[in-house]
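Here's the structure, in structure tokens; my notes come after.
The values are calculated or read from the model by the stated rules, or taken from the named source; none is laboratory data. None of these values were measured; they are calculated from a predicted model. Virtual Cβ from ideal backbone geometry, glycine too; neighbours counted across all protein chains shown.
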Amino acid sequence: MELVLFRCLIAAHIAAGATGAVAFWIPVVGRKGDVNHRKWGRVFTKAILLTGCLAVTMSLITLYDPMTVHPHLVGKFDADFVRGMFGVMMLHNAILTLNLAWYGWLCVKNRRNVAANRTPLNVALQFLVMIAAVFCAWDGARIHQPLMMLISVVGMATGITNLLFLYARNPSPVMWLKEHVKALVGAGISVYTAFLAFGSVRLFPALALNPAMWSVPLVTGLIILIYHRIRIDQKAGISLIPSFRSRRVAASD
């Protein structure tokens, strides 16, 4: 019964995640702020929130009975490994994904009204992802899985930086937009990481811990994030490059 339920959750998880993975690119590469951007941004956010909720459920079932719901891993990995990687770490990543999607959505919904983002749910998600990060790091150390300890740093950094913005006294007028981009690109990275890393376990179990499976989405996401942050600064007239050039001109005079 557990296995049948788990497989149904996997199917729904893949469908929702695939929808989010496709929808992700339309706001990223399209014209910012237009009808398609807003429409597909909503599709992406809803798909990611559903994906995250399904992942939380799957991770809790794995924590309860890891080998029953992962029979393809029997004989390849022990129960501690499966419980850690597909229970504890997936729970952390699922909470992180929910956190980023919801936080990013509120940032664009409320824009410069930062106080409106301090809802009980949004604030709770920041503390929840940090608690999940601590637990993930602890369990990773217990079963000697550095990847779990490394990914926990992302969760902890996310919770801390989000709280810093939520309670900032005088944030930059464009900071809400930077936070929106950071969060939703981060959610996109999370989806693609899950597809490449966790999905590879079923086809190529040996690749599950390969750093390349985790680094490709991360590097791609960082490039997208840096590019859009530079564009935001340029449009706001606070680009670092012009500032640097003006200083050089002033110094030469």
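Somewhere in region 67-79, is a residue in a helix (DSSP H, G or I), more than 13 Å from the chain's Cα centre (by Cα) and hydroxyl-bearing (Ser, Thr, Tyr)?
Checked region 67-79: at least one residue is in a helix (DSSP H, G or I), more than 13 Å from the chain's Cα centre (by Cα) and hydroxyl-bearing (Ser, Thr, Tyr).
Return the residues of region 87-114 that are of a type outside the set (Val, Ile, Thr), over 15 Å from the mean Cα position of the chain (by Cα) and farther than 18 Å from Ala168 by Cβ; say none if nothing qualifies.
Answer for region 87-114, where residues must be of a type outside the set (Val, Ile, Thr), over 15 Å from the mean Cα position of the chain (by Cα) and farther than 18 Å from Ala168 by Cβ: just Gly87.
Can you find even one residue in region 133-143 that is under 15 Å from the mean Cα position of the chain (by Cα), over 30 Å from Ala79 (Cβ atoms), surrounded by 19 or more Cβ atoms within 10 Å (Cβ to Cβ) and hydrophobic (A, V, I, L, M, F, W, C)?
Looking through region 133-143, none of the residues is under 15 Å from the mean Cα position of the chain (by Cα), over 30 Å from Ala79 (Cβ atoms), surrounded by 19 or more Cβ atoms within 10 Å (Cβ to Cβ) and hydrophobic (A, V, I, L, M, F, W, C).
Using beta carbons and a limit of 7 Å, which pairs, at least six apart or on different chains, have the first residue in region 217-238 and in a helix (DSSP H, G or I) and the second one of a type in the set (Phe, Trp, Tyr) and modelled with pLDDT of 80 or more?
Pro217/Tyr192
Matching residues to (1) surrounded by 15 or more Cβ atoms within 10 Å (Cβ to Cβ); (2) at pLDDT below 60; (3) within 16 Å of the chain's Cα centre (by Cα):
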residue: Pro211; (1), (2), (3): no, no, no
residue: Pro217; (1), (2), (3): yes, no, yes
residue: Leu225; (1), (2), (3): yes, no, yes
residue: Ile230; (1), (2), (3): no, no, no
residue: Ile238; (1), (2), (3): no, no, no
residue: Pro242; (1), (2), (3): no, yes, no
residue: Ser246; (1), (2), (3): no, yes, no
residue: Ala250; (1), (2), (3): no, yes, no
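Yes or no: Thr97 touching a residue at least 60 places away in the same chain (Cβ under 8 Å), within 12 Å of Ser190 (Cα to Cα), part of a helix (DSSP H, G or I) and among the β-branched types (Val, Ile, Thr)?
When the stated conditions are applied, Thr97 passes them.
Would it be correct to say that Leu121 is within 29 Å of Arg231 (Cβ to Cβ) and modelled with pLDDT of 95 or more?
no
What residue, of Ala47, Ala16, Ala21, is surrounded by 16 or more Cβ atoms within 10 Å (Cβ to Cβ), of a type in the set (A, V, I, L, M) and touching a residue at least 60 places away in the same chain (Cβ under 8 Å)?
Ala21
I'm checking my understanding of the structure. Among residues of region 100-129 that are free of Cβ contacts under 8 Å to residues at least 24 places away in the same chain, of a type in the set (A, V, I, L, M, F, W, C) and out of contact with any Ser or Thr (no Cβ under 9 Å at 6 or more places or on another chain), which one is farthest from Thr57 (Cα to Cα)?
Per the criteria, the residue is Ala115.
Do we find that Leu163 is surrounded by fewer than 20 Cβ atoms within 10 Å (Cβ to Cβ), touching a residue at least 40 places away in the same chain (Cβ under 8 Å) and not β-branched (Val, Ile, Thr) in this structure?
So Leu163 fits the description; yes.
Among the residues of region 19-51, what is the count of those that are at pLDDT 90 or above and touching a Gly at 6+ places or on another chain (Cβ under 6 Å)?
Number of matching residues: 5.
Only one of Arg112, Arg83, Arg118 is surrounded by 22 or more Cβ atoms within 10 Å (Cβ to Cβ) and basic (Lys, Arg); which?
Arg83 is the lone residue from the list that is surrounded by 22 or more Cβ atoms within 10 Å (Cβ to Cβ) and basic (Lys, Arg).
Just give me the residues in region 52-65 being of a type outside the set (Gly, Ala, Ser) and in contact with a Gly (Cβ under 6 Å, 6 or more places away or on another chain), in sequence order.
Thr62, Leu63
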